[in-house]
1. Report yes if some residue within the stretch 196-215 is modelled with pLDDT of 75 or more and surrounded by 11 or more Cβ atoms within 10 Å (Cβ to Cβ); otherwise report no.
2. Are any residues in the stretch 338-371 assigned to a strand (DSSP E or B) and either under 14 Å from PHE282 (Cβ atoms) or in contact with a Lys or Arg (Cβ under 9 Å, 6 or more places away or on another chain) (or both), and if so, which ones?
3. Which residue is farthest from LEU244 (Cα to Cα), if the candidates are limited to the stretch 290-324 and must be in contact (Cβ under 8 Å) with a residue 12 or more places away in the chain and assigned to a loop (DSSP other than H, G, I, E, B)?
4. Modelled with pLDDT of 95 or more and assigned by TED's automatic domain parsing to the domain that holds PHE230, is that true of THR376?
5. Scan the stretch 375-389 for residues that are over 43 Å from the mean Cα position of the chain (by Cα) and of a type in the set (S, T, N, Q) and jot them down.
6. Which residue is surrounded by the most Cβ atoms within 10 Å (Cβ to Cβ), if the candidates are limited to the stretch 228-250 and must be in contact (Cβ under 8 Å) with a residue 40 or more places away in the chain and among the charged types (D, E, K, R)?
7. Go over the candidates GLY140, GLY167, GLY159 one by one and state the one that is loosely packed, with under 15 Cβ neighbours inside 10 Å and assigned by TED's automatic domain parsing to the domain that holds THR88.
Amino acid sequence: MQLERFIDREPKQFAYFHRLMGYSILSLILVIYAFTSPNTNYQIYIPPFFLFLLFVSSKLEHWLQYQFDKKTQKSVFFAIDAIVVAVTLAGVHLNLVPTFIALFALFYSAINSRISFAVICLTSLLGAIIFYLSTFFLFGFHPYFEATSQELTVITLLGLVMFITIGNYYQHRWVKKISQQRQHYYDQKTRYIAFANQLSRYAPLQLWQSIMRGEAEAKIEYKRKKMTVFFSDIQGFTELSETLIPDDLVFLLNDYLSHMTEIAKQYEATVDKFMGDAILIFFGDPNSQGVEQDAKSCVEMAIAMRQQMKLLRERWKKMGYSALHIRMGISTGYCHVGNYGATHRMAYTIVGRDVNLAARLQYAAEIDEILISDDTYQLIKSDFLCAPKTPIYLKGIQGAVKTWQVMEKYTGNKSDHQQWFD
């Protein structure tokens, strides 16, 4: 429909169309009044003035939108509307029906445009001045508040109904359109969040959160930091995998990895990767509590994993599986951590001597043993009971490596623990 084509527009376009309708109705009222009432002077010449104001307001709008905010723009156009209404009221000599209808339409426009009370008061004063000047120079001081002719009453009421109905219809359509857009954006946001949550499972949680917060970028870069590295695997899992059917193997592996990952999450560790039954975890990036606290958190996590593995082992034995044990190695030192690979495919990981050392310590550990390097021991010895081990030679590591076995965390008097151990 032609009317809907005019109505279904952006707010600024509709405001111009609605203003054109209002000015046209007021012009028609003045013309009818001029032909149905005696002693009329210049009423017939006012409609061209209204059209001129409408033309000026369209040009003024382009200038105002670059100079002032929307609130100021609405106030200026409301003042222009008040001038038009004041001239109209002066032209009809405050004829009862047109006067009340015009003031009601102006009040309706103020509510829709959310005009402030102060602006309404100032505009009312301006309207009163324009009314007096129009009466004095153009229309004369004829009797006011006369009864309205039948023709003028019908046209005025029809004009008001049309003006209000089209305005409300547009508001309804615009609110409905905004609601649909909001729902669409909400659905898209929910969809993207679901995608992000799925993709986040393929990257360390801390890294993903840093990227989502804008603190990190997905680009090839790395940095050198002192970090604590953790390696673990299940002793004898490779041999066990040859005797199990794939479904049982997958169940055991996923059950183990899910529990270990949950513990790592509790200690805010960065899970680097899974390599079969082996897990590479590190502390110190992207979040760090300091080198010493990172080392203590790592060792405490290892103890929690050892305890959890004991519970899993008992549960698996009841299900008919062989007894499985964990081996863990921990080392602290300077490593390079960051994004490695190509621009279209990269991995966030850690490299360095201490990564290799942690892997070798894990391989050399006994079942259910937490084997740590001397650098790690120096950082955690105040909080954990450790037993010295015979220096060992490890593949890829020069010289004998001094190692310590983590027994437990001090929970009471440190001397009591040491006396019991001795």
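1. No: the stretch 196-215 contains no residue that is modelled with pLDDT of 75 or more and surrounded by 11 or more Cβ atoms within 10 Å (Cβ to Cβ).
2. GLY338, ASN339, MET346, ALA347, TYR348, THR349, ILE350, VAL351, ILE370, LEU371
3. Among them, the one singled out is LEU324.
4. Criteria met by THR376.
5. Selection gives GLN378, SER382.
6. For the stretch 228-250, the residue satisfying everything is ASP233.
7. Exactly one of GLY140, GLY167, GLY159 is loosely packed, with under 15 Cβ neighbours inside 10 Å and assigned by TED's automatic domain parsing to the domain that holds THR88, namely GLY140.
The values are calculated or read from the model by the stated rules, or taken from the named source; none is laboratory data. In this text, all values refer to a predicted model and were calculated from it rather than measured experimentally. Counting neighbours? That spans all protein chains shown, and the Cβs are built from the backbone with ideal geometry, glycine included.
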